[in-house]
Amino acid sequence: MRRLLALTLLTLALVAAACSSDAEPLSGADPAPAPTATANAEEVVADTPDEPAFELPDYAAEAAGLAVAESDRALPPVSPDEPIGAYGYSRYVFSQSGDAVVPSLIEGPLGYQTRCQEEAKDCSYQELKALHDRGDDVPSYLGMDRETLGELVEQLDRVNVAISAYADIDAACAAGLSKSTNQVANMGIHMIDVGAYGFDPDRPQMVLFANEDGFGLGSNEIGRCQGGAWTGEPGFVPVGAVFNINLSEDHPDGFAGSIDNWHIHYNTCIGRSVEAGSSVVNDPESSGSAEGARSSTTQEACAERGGRFLPIIPSWMMHAYVADDFDAQSGVFSMFNPSVWPLSDAGSLAEARVVQPSDDVEAAPIINFSFGEVSVGVGETVRFSNSDSVPHTVTAGSFLEPDDEFDSGVLGTGQAYDLSFDLPGDYQLFCALHPDMVGTVTVG
């Protein structure tokens with residue numbers, strides 16, 4: 001029994017440390033070469049001549065011939081040669097580690113995902129609760145009916161009660177929880193409950209704690225549970241919960257509705273343990289960074305830092321921010337909460353989590369069938385990279401009036417297209433495979 005509990009504790013600790021790892025990519029690795037996607041398209045210089053519309057090629061047939069991921073948990077069959085995605089916001093994230101580009105994260109199911117992470121929408125726990133209590137029509141972006149919203153709010157209420165049972169981190173220590181990470185930026189300390197199994201809103205596998213001065217402290221400074229008491233500074237309060245279930249091929253069911261996007265970590269380096277039975281990331285730079293997330297690395301680089309390398313954390317994981325005083329305007333199930341220190345706003349937090357290309361271009365990841373908001377200067381290069389599990393195109397004009405001013409052709413997962421403009425203005429674009437997927441590049 002003692003061995004089983006120790007194994008469970010270690011597994012949860014590894015998962016928590018992986019989710020919270022935010023270190024800068026490590027250099028000096030000499031990884032084996034990985035298969036790469038087709039090279040980025042040659043940069044296009046677009047101007048504004050009055051040219052007739054052109055007939056689109058048969059991109060649907062071309063897209064049908066592309067290999068795609070075999071399951072919700074699987075990586076794409078072809079790896080990108082550039083970093084792509086936005087940590088906590090896109091289906092795939094590939095990060096730069098030295099000279100290598102490594103898979104870092106999968107989040108959500110294949111295809112279109114119901115995501116609610118925008119500050120202007122009712123996405124937080126308190127907003128969802130108020131929406132249900134008012135009896136208003138359920139917005140279409142939530143992808144659920146009123147009955148389902150009621151089930152979701154009831155489940156979130158139960159999580160709120162569960163974490164509110166801990167007045168502070170001392171109470172968590174007294175209840176037998178143990179520290180797995182330091183205070184992660186916009187997330188908190190991961191405290192593990194080894195007695196929690198499966199998906200149960202009444203007892204999450206981890207409770208997140210934070211205080212204003214906790215971010216950036218190392219393990220020795222921040223404290224730990226010892227003899228049922230917290231050894232560090234007081235003032236750490238619960239800010240949210242974390243759920244962790246066994247890895248399966250399919251994206252798991254959990255909360256009612258479909259806005260609970262679970263995630264999987266790849267190529268994770270776990271720091272040395274400073275507590276018996278738990279692998280704690282003991283470097284504050286490894287447990288969170290305000291500059292954006294780059295959590296994955298190569299096996300060689302991990303060995304150089306004396307860590308333990310995990311090609312994949314064998315579990316699905318998800319956060320739920322339900323604490324009354326830390327309502328997440330980035331969404332109740334967001335990976336990061338701008339209301340948890342260091343304080344931010346939802347838009348700035350999302351922008352900071354975009355993985356940056358290795359050269360001097362404006363990153364414009366295609367995320368969940370959206371081009372996002374793109375603004376560049378005259379002559380600057382914008383790089384559209386496909387972070388979705390399905391192919392897209394970046395084509396000038398609209399589906400009814402396509403323009404040959406620029407056209408990427410079919411971009412599989414991880415492929416990218418560079419574009420620049422020599423005149424200011426607003427340039428319309430769309431995806432020839434998904435006619436409702438439209439956007440604008442503002443050039444100033």
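Overview of results
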quantity	calculated
Residue in the stretch 337-346 that is outside the structural domain of residue 67 (by TED's automatic domain parsing) and either touching a Cys at 6+ places or on another chain (Cβ under 7 Å) or free of Cβ contacts under 8 Å to residues at least 12 places away in the same chain (or both) present	yes
Conditions (1) within 22 Å of residue 102 (Cα to Cα); (2) in contact (Cβ under 8 Å) with a residue 24 or more places away in the chain; (3) of a type in the set (Gly, Ala, Ser); number of the one not met by residue 363	(2)
Subset of the stretch 88-124 (residues that are surrounded by fewer than 19 Cβ atoms within 10 Å (Cβ to Cβ) and in contact (Cβ under 8 Å) with a residue 40 or more places away in the chain)	98, 99, 111, 112, 114, 118, 119
Evaluation of residue 246 against (1) modelled with pLDDT of 95 or more; (2) buried (at least 21 other Cβ atoms within 10 Å of the Cβ); (3) over 18 Å from residue 88 (Cα atoms) (one fails), failing number	(2)
Qualifying residue in the stretch 188-210 (condition: of a type in the set (A, V, I, L, M), in contact with a Gly (Cβ under 7 Å, 6 or more places away or on another chain), modelled with pLDDT under 95 and assigned by TED's automatic domain parsing to the domain that holds residue 347)	no
Index of the failed condition, residue 158 passing every other in (1) among the charged types (D, E, K, R); (2) surrounded by fewer than 18 Cβ atoms within 10 Å (Cβ to Cβ); (3) part of a loop (DSSP other than H, G, I, E, B); (4) not assigned by TED's automatic domain parsing to the domain that holds residue 393	(3)
Subset of the stretch 298-323 (residues that are in contact with a helix residue (DSSP H, G or I) (Cβ under 8 Å, 6 or more places away or on another chain), buried (at least 16 other Cβ atoms within 10 Å of the Cβ) and farther than 17 Å from residue 105 by Cβ)	320, 321, 322, 323
Lone unmet requirement of (1) closer than 23 Å to residue 394 by Cα; (2) part of a loop (DSSP other than H, G, I, E, B); (3) touching a residue at least 40 places away in the same chain (Cβ under 8 Å) for residue 77	(3)
Flag for residue 378 being in contact with a Gly (Cβ under 8 Å, 6 or more places away or on another chain) and farther than 24 Å from residue 61 by Cα	yes
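The values are calculated or read from the model by the stated rules, or taken from the named source; none is laboratory data. Keep in mind that this is a model prediction, so the values were computed, not measured. Note: ideal-geometry Cβ built from the backbone for every residue, glycine included; neighbour counts use all protein chains shown.
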